[in-house]
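For reference, the structure discussed in these notes is given below.
The values are calculated or read from the model by the stated rules, or taken from the named source; none is laboratory data. In this text the structure is predicted, and so the values were computed from the model without any measurement. All Cβ positions, glycine included, derive from the backbone under ideal geometry; neighbour counts span all protein chains shown. The protein model used for the area step is the full one, side chains on, heavy atoms only, and it has no ligands, DNA or RNA in it. Shrake-Rupley method; radii C 1.70, N 1.55, O 1.52, S 1.80 Å.
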Amino acid sequence: MSAPRFTPGPWTYDRCGAVWATGGEEGDLAPVAQIATDPEREVPENGHLIAAAPDLYAALSSMDLDCMECPSGDDTECGRCLTCVARGSLAKARGEA
């Protein structure tokens with residue numbers, strides 16, 4: 001498993017469509033993403049989901065997935081149980097999937 005290479009969190013969403021990383025000793029903001037501002041789309045919901053990404057990654061990373069087995073008993077990932085979904089999501093976040 002490789003180390004994450006994304007901008008560390010926390011990230012915040014500013015309702016104008018921008019997601020920011022808060023960092024540095026003085027709380028500097030660095031842009032992470034700009035969400036489309038099409039009024040027909042779920043802009044605030046998408047922004048909040050993206051801003052939560054580092055926290056979600058940290059939560060999944062803190063799980064001891066090596067001690068959790070897939071209930072299917074198969075060595076391949078079923079893609080449905082918590083263990084397989086967590087492993088797949090972490091790999092996707094790291095650009096491995």
| Hey, Thr7 at pLDDT 85 or above, part of a loop (DSSP other than H, G, I, E, B), at negative phi and touching a strand residue (DSSP E or B) at 6+ places or on another chain (Cβ under 7 Å) or not | yes
| Mind checking which residues of the range 56-97 are β-branched (Val, Ile, Thr) and either in contact (Cβ under 8 Å) with a residue 60 or more places away in the chain or assigned to a loop (DSSP other than H, G, I, E, B) (or both)? | Thr76
| field | Filter result for Ser62 (modelled with pLDDT of 90 or more and either more than 18 Å from Thr7 (Cβ to Cβ) or β-branched (Val, Ile, Thr) (or both)) | value | yes
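Residue by residue, here is whether (1) over 30 Å from Ala21 (Cβ atoms); (2) touching a helix residue (DSSP H, G or I) at 6+ places or on another chain (Cβ under 7 Å); (3) open to solvent by 50 Å² or more (accessible area, probe 1.4 Å) holds:
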residue	(1), (2), (3)
Gly47	no, no, no
Ala51	no, no, no
Tyr57	no, yes, no
Ser61	no, yes, yes
Leu82	no, no, yes
Glu96	no, no, yes
| request: Tell me, please, whether a residue that is at pLDDT 85 or above, surrounded by 13 or more Cβ atoms within 10 Å (Cβ to Cβ) and not aromatic (Phe, Trp, Tyr) can be found in the range 19-28. | output: yes
